[in-house]
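**Q** Structure in structure tokens, see below.
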Amino acid sequence: MTETTGEMTDTAGQERPARTGRASERLHKEADRRWKKVEQEHPELADTVAFGRGLVNLYIDELPAAGRIALTPEAARAKLAAGQPLLEDEQLDLDLPGVRRFFSSLCSWAGDQPDLARDAWAVKGAVRKGTLDVDDLIGAALDGDQARIDGVAARLGVQPTLIQTLTGFAVSAALMETARTLAPTLEEAGAAWEEGFCPICGGPPLLAELQGSEGQRVLRCAACGGGWKFPRVQCPHCGTTDAAKLHYLALDEEAEKYRVELCDNCHGFIKSVTSFAPTPAELLTIEDAAMLHLDAAARERGYTPAPEAEGDEAEGRAAEGEGRADGAQAEGGGR
Ligand SMILES: [Zn+2]
Ligand SMILES: [Zn+2]
């Protein structure tokens, strides 16, 4: 999908091809396998699984194509070295027809959820009548303009959390393919990246993966699904490397696969999954759901997934954050 000309990561002027049938078939099978496992191990999550299945199906079937961005390898290296995400302050030419299609399907899907139905259909109706501009909504989320998003909710008379949730999912969809396109650029230039937020879009980590036989720790972005290497013994929130402050919680029977890592320096936590291969971005929601019990256990003990949310680091770097699978909490998109 990406053409590297040697100078630029430039996808301008190309077709935006849809995913091949075989690739999406593979993803559907893999999603189904993972959901079944979550269902078996956590029968109490039946509603969450039903909700999440629909969302993941949309990510697989209706993902917008990659946004276009022109960035030289030198510029990419300079940005990363300065701690600046690649997409920040760049002109990102999104696949807007694809994003609009996704948003419309998203509203229909939400319209089937009993708790969301009334508001979801109101939103879809507003899009159809032209009283809600999806491009503008996505733009507001990418700018981290929460007030503009809440203004839309007030104008349409719907729950702000619903608009935030739908917008967060749509921004994720808009950025997933973009992040995949930028992964080689990141790989080439990313050695200097030492931050706990996404080097592509600036979003917060959704979870950590321990990848491959060596257990390389990779943080996965809550907004774009991108991944970046991070030291094994370091808190992604406050950066402490004091091993005495870092510990984890896990159920005995699954401690090798799932755990939640806690930091006593900032009282932040991050969920962690041991995965042989990187989880496809479309399926991260499933791994997130598989660890909801650990999420709850960490919160009960007074830890939070976003301890810096009030600080300057995270400000304006809103992304959908936790709760993707149950849709309970989402805060607009990355940037
Ligand atoms: Zn990201
Ligand atoms: Zn910390």
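Each reported figure results from applying straightforward, stated rules to the coordinates on display, with no laboratory input. Quantities reported herein were computed from a predicted structural model and do not represent experimental measurements. Please note: Cβ atoms are built from the backbone with ideal geometry, for glycine as well, and neighbour counts cover all protein chains shown.
**Q** Among PRO205, PRO307, PRO85, which one moves the most in a GNM of the chain with springs linking Cα atoms closer than 10 Å?
**A** PRO307
**Q** OK, next. What size of dipole, in debye to the nearest 20, comes out for the chain about its Cα centre when the only charges are +1 on Lys and Arg C-beta atoms and -1 on Asp and Glu C-beta atoms? Display every interim value, and only then the final one.
**A** Numbers: 35 positive and 56 negative charges, 161 e Å.
Using only the charged Cβ atoms, the result is roughly 780 debye.
**Q** Return the loop-located GluC sites (Glu not before Pro) in segment 205-291 (DSSP other than H, G, I, E, B) with at most 16 other Cβ atoms within 10 Å of their own Cβ; answer none if there are none. Mind showing how you got there, number by number?
**A** Values: sites: GLU209, GLU214, GLU253, GLU254, GLU256, GLU261, GLU282, GLU287; in loops: GLU214, GLU256.
Sparse-neighbourhood loop GluC sites (Glu not before Pro): GLU214, GLU256.
**Q** Which of rounded, prolate, oblate describes segment 62-186, given a ≥ b ≥ c as roots of the alpha-carbon gyration tensor eigenvalues and a/c under 1.5 marking rounded, otherwise prolate only if a/b is larger than b/c?
**A** Values: a/c = 2.65, a/b = 2.08, b/c = 1.27.
Judged from the Cα gyration tensor, segment 62-186 comes out prolate (a/c at least 1.5, a/b above b/c).
**Q** Please report, largest first and rounded to whole Å, the three semi-axes of the ellipsoid equivalent to the chain, where each semi-axis is the square root of five times an eigenvalue of the C-alpha gyration tensor.
**A** Details: eigenvalues 155, 127, 80 Å².
Three semi-axes, in Å: 28, 25, 20.
**Q** Now a separate question. So how far, in whole Å, is the C-alpha centre of segment 101-157 from the one of segment 235-290?
**A** That distance is 32 Å.
**Q** Going by average Cβ density within 10 Å per residue, which order do the peptides 26-34, 56-64 take, highest to lowest? Intermediate results must be reported in sequence, preceding the final value.
**A** Numbers: 26-34: 15.3, 56-64: 20.7.
In decreasing order of mean packing, 26-34, 56-64 become 56-64, 26-34.
**Q** Shifting gears a bit: Note down the magnitude of the dipole of segment 151-221 about its Cα centre, charges +1 on Lys and Arg C-beta and -1 on Asp and Glu C-beta and zero elsewhere, to the nearest 20 debye.
**A** Numbers: 4 positive and 7 negative charges, 89 e Å.
Here the size comes out at about 420 debye.
**Q** Helix hunt in the chain: which complete DSSP H runs extend at least 15 Å axially by C-alpha with mean Kyte-Doolittle at least 0.0? Don't jump to the answer; show the numbers that get you there.
**A** Numbers: long enough: 21-41 (30 Å, -2.11); 46-61 (22 Å, 0.57); 96-111 (22 Å, 0.44); 117-129 (18 Å, -0.46); 146-156 (16 Å, 0.14); 160-189 (40 Å, 0.54).
Length and hydropathy pass: 46-61, 96-111, 146-156, 160-189.
**Q** What value, in deg cm²/dmol to 500, does the helix sum -39500 (n - 2.57) over DSSP H runs of n ≥ 4 give at 222 nm once divided by the residues of the chain? Mind dumping the intermediate values first?
**A** Details: 10 runs with 141 residues, N = 335.
Rounded to the nearest 500, it is -13500 deg cm²/dmol.
**Q** Which value, in debye to the nearest 20, gives the size of the charge dipole of segment 62-186 about its Cα centre, when Lys and Arg are +1 and Asp and Glu are -1 at the Cβ?
**A** On the way: 12 positive and 17 negative charges, 59 e Å.
About 280 debye.
**Q** Follow-up. Which of GLN164, GLN40, GLN211 ends up with the largest GNM mean-square fluctuation for the chain, with Cα atoms connected below 10 Å?
**A** GLN40
**Q** When we measure straight from the Cα of LYS79, which lysines land under 24 angstrom away, once same-chain ones fewer than 8 places off are left out?
**A** Straight-line reach from LYS79, under 24 Å: LYS229.
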